[in-house]
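Notes to accompany the following structure.
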Amino acid sequence: MRISARADYAVRALLELAVRQDDGAPVKAEVIATAQVIPYKFLEGILADLRRGGLVVSRRGGSGGYVLARSADAITVADVIRTVDGPIVSVRGERPTQLTYTGPAEPLLPLWVAVRANVRRILEGVTLADIAANALPEPVRKLAAEPAAWENP
């Protein structure tokens, strides 16, 4: 699985909103771009996708900007990735459950389904609030602490 720059930037942008949501004031795209070192024009497109996907609300005007559409503990990393990139795990652009294999390749189907299930389990189990509070769920912290998690592929 590859996390696109678009997905990485989207999560980072929403984290900026999450940590700033206490005061309720909208955050300008320029502020997000500067704080997270995200190219502004690229961020504009991402924020438009996040707005269409119902994850942010935009407000116009001099005091306008962006706010989370719902609380940070109700937005998972999976929600963000799906909004900007589509399905979390696909094989040749298709969901693993839509594939068929024959002969010696038949075991690939349950392998791809298992990969998808595990990636979804992790990404659906982590919210923006978890990350913003540096409180990743224990299973995620445990996986990240395994020596193999840091080795080069």
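The values are calculated or read from the model by the stated rules, or taken from the named source; none is laboratory data. Computed from a predicted structure; not experimentally measured. Neighbour counts run over all protein chains shown; Cβ positions are idealised from the backbone, glycine included. Areas reflect the complete protein model, heavy atoms only, side chains present, ligands, DNA and RNA absent. Shrake-Rupley method; radii C 1.70, N 1.55, O 1.52, S 1.80 Å.
Ligands, DNA and RNA left out, the 1.4 Å accessible surface of region 6-153 is 55% carbon and sulfur atoms. Hydrophobic long helices, here whole DSSP H runs in the chain with Kyte-Doolittle means of at least 0.0 and Cα atoms spread over 20 Å or more along the helix axis, are found at 5-20, 108-124. Among (i) 12.5; (ii) 10.7; (iii) 10.0, only one was calculated for this model; which label is it, if the read-out is mean projected area of the Cα convex hull in nm²? Computed from these coordinates, mean projected area of the Cα convex hull in nm² corresponds to label (ii).
Summed over the residues of region 1-140 and divided among them, the accessible surface reaches 56 Å² per residue at a probe radius of 1.4 Å.
Ala133 sits among other residues whose Cβ lies under 15 Å from its own Cβ, and their net charge, with Lys and Arg +1 and Asp and Glu -1, is -3.
Extension gain for Ala148 to Ala35 (0.36 nm times residue separation, less C-alpha to C-alpha distance): 37.5 nm.
Per-residue ellipticity at 222 nm from helix content only, as computed over the chain with -39500 (n - 2.57) for each DSSP H run of at least four residues, stands at -15500 deg cm²/dmol. Other residues within the sphere of radius under 14 Å centred on the Cβ of Glu30, judged by their own Cβ, net out at +1 (K and R +1, D and E -1). Where the centroid of each part is defined by its Cα atoms, how far is region 106-153 from region 1-77 in Å? That distance is 23 Å.
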